[in-house]
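Asker: Before I ask anything, let me first share the structure, which is written out below as structure tokens.
The values are calculated or read from the model by the stated rules, or taken from the named source; none is laboratory data. Remember, predicted model here, so these are calculated numbers, not experimental data. So basically every Cβ, Gly included, is an ideal-geometry build from the backbone, and we count neighbours across all protein chains shown. Accessible surface areas use protein heavy atoms only, side chains included; no ligands, DNA or RNA. Shrake-Rupley method; radii C 1.70, N 1.55, O 1.52, S 1.80 Å.
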There are 2 protein chains.
Amino acid sequence: MSLIEGEFLRGAGPVAVLKLLERGEMYGYEIVEALEKRTDGVLAMGQSTLYPMLYNLEAKGFVVARWDESGPRPRKYYRLTPDGKKRLAEDTRTWRRLTAAMGALGLARTPEAVYA
Amino acid sequence: MSLIEGEFLRGAGPVAVLKLLERGEMYGYEIVEALEKRTDGVLAMGQSTLYPMLYNLEAKGFVVARWDESGPRPRKYYRLTPDGKKRLAEDTRTWRRLTAAMGALGLARTPEAVYA
DNA sequence: ACCACATACTATACGGCGCATAGTATGCAG
DNA sequence: CTGCATACTATGCGCCGTATAGTATGTGGT
């Protein structure tokens with residue numbers, strides 16, 4: 001599963017997904033793999049975590065889905081809505097404030113690791 | 001309340017509390033104020049968030065409590081247990097991996113803000 | 001030809017925890 | 001003496017991670 005303990009993922013997970021979708025539409029399974037690879041396994045999450053998360057983001061109007069039947073197997077592509085873009089911008093600011101606050105408590109990673 | 005949206009606090013809250021207690025024992029109300037001041041309001045949390053969190057950390061054996069009746073009003077002081085120190089060390093590593101992963105997705109704060 | 005594995009999505013249910021709300025009680029300041 | 005700060009306790013709602021289970025098709029190996 002993920003290297004990240006459950007509760008950490010609550011805040012970070014949805015933001016990470018929205019951030020991925022900023023580049024263009026993706027389908028669920030693709031997102032699972034992208035998170036695994038792009039974050040070196042740290043933000044890897046099972047299907048049972050991602051799919052409900054997508055349904056949730058859709059219910060909140062942050063993403064919309066589209067079925068694609070042209071391939072060998074049907075895929076459900078998700079993309080950001082304008083509300084989703086707003087949400088991503090807000091969450092990005094929140095995330096940065098949070099990392100700054102945690103840093104103020106002495107929990108920041110070492111400076112030389114910033115561009116890890 | 002907090003500047004941090006609820007879900008972000010799930011992972012960060014307990015770690016922040018453990019980190020504060022690393023310096024020495026503190027009582028609940030003091031922790032609420034310290035988080036407010038030391039993180040510029042970002043990690044501020046209400047009593048209704050902190051006290052149950054402390055009970056929870058205690059139930060897990062990460063902190064122990066001691067009543068102090070010497071002051072004008074009774075205070076319940078909490079301090080880290082050996083298990084709590086281990087947990088803090090683990091969570092610190094987890095937190096750093098998480099920020100690195102989020103950074104890899106383009107969600108890091110700008111480098112010049114690292115020492116904010 | 002067959003079997004295992006990867007792909008891709010859906011459904012259900014449990015449990016943990018943030019947080020709102022409410023309540024108790026003492027000290028201090030105007 | 002009235003109100004605000006201090007300091008802790010108790011209860012319950014609701015969200016969401018995630019374990020588990022189920023369905024179904026494509027693909028690679030022997």
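Asker: Among (1) among the β-branched types (Val, Ile, Thr); (2) within 16 Å of DNA strand C (Cβ to nearest atom); (3) within 29 Å of A:Glu22 (Cβ to Cβ), which single condition is B:Thr99 missing?
Answerer: (2)
Asker: Considering each of A:Leu98, A:Leu9 in turn, give the residue that is surrounded by 18 or more Cβ atoms within 10 Å (Cβ to Cβ), at pLDDT 90 or above and closer than 20 Å to B:Leu107 by Cα.
Answerer: Residue meeting the stated conditions: A:Leu98.
Asker: Sort out which residues of the stretch A:40-49 are more than 8 Å from DNA strand C (Cβ to nearest atom) and either open to solvent by 30 Å² or more (accessible area, probe 1.4 Å) or away from every other protein chain (no Cβ under 14 Å) (or both), and write them in order of number.
Answerer: Of everything in the stretch A:40-49, those that are more than 8 Å from DNA strand C (Cβ to nearest atom) and either open to solvent by 30 Å² or more (accessible area, probe 1.4 Å) or away from every other protein chain (no Cβ under 14 Å) (or both) turn out to be A:Asp40, A:Gly46, A:Thr49.
Asker: Regarding B:Arg87, is this residue at the interface with another protein chain (Cβ under 7 Å from one of its Cβ atoms), open to solvent by 30 Å² or more (accessible area, probe 1.4 Å) and within 12 Å of DNA strand C (Cβ to nearest atom)?
Answerer: Judged against the criteria, B:Arg87 is not a match.
Asker: Next up: Please go through the stretch A:54-74 and give me each residue that is more than 13 Å from A:Tyr27 (Cα to Cα) and more than 11 Å from DNA strand C (Cβ to nearest atom), ordered by number.
Answerer: Answer for the stretch A:54-74, where residues must be more than 13 Å from A:Tyr27 (Cα to Cα) and more than 11 Å from DNA strand C (Cβ to nearest atom): A:Leu57, A:Ala59, A:Lys60, A:Gly61, A:Phe62, A:Ser70.
Asker: For residues that are open to solvent by 70 Å² or more (accessible area, probe 1.4 Å) and under 21 Å from B:Ala16 (Cβ atoms), tally how many sit in the stretch B:67-84. Step through it out loud before you land on a result.
Answerer: Kept after step one, since they are open to solvent by 70 Å² or more (accessible area, probe 1.4 Å), are these residues of the stretch B:67-84: B:67, B:69-70, B:72-75, B:79, B:82-83.
Narrowing the set further to residues that are under 21 Å from B:Ala16 (Cβ atoms) leaves B:75, B:79, B:82-83.
Residues flagged as open to solvent by 70 Å² or more (accessible area, probe 1.4 Å) and under 21 Å from B:Ala16 (Cβ atoms) within the stretch B:67-84 amount to 4.
Asker: Let me ask you something else. Among the residues of the stretch A:1-39, what is the count of those that are without any contact (Cβ under 8 Å) to a residue 24 or more places away in the chain, facing chain B (nearest Cβ under 7 Å) and more than 14 Å from DNA strand C (Cβ to nearest atom)?
Answerer: Going through the stretch A:1-39 one residue at a time, the tally reaches 2.
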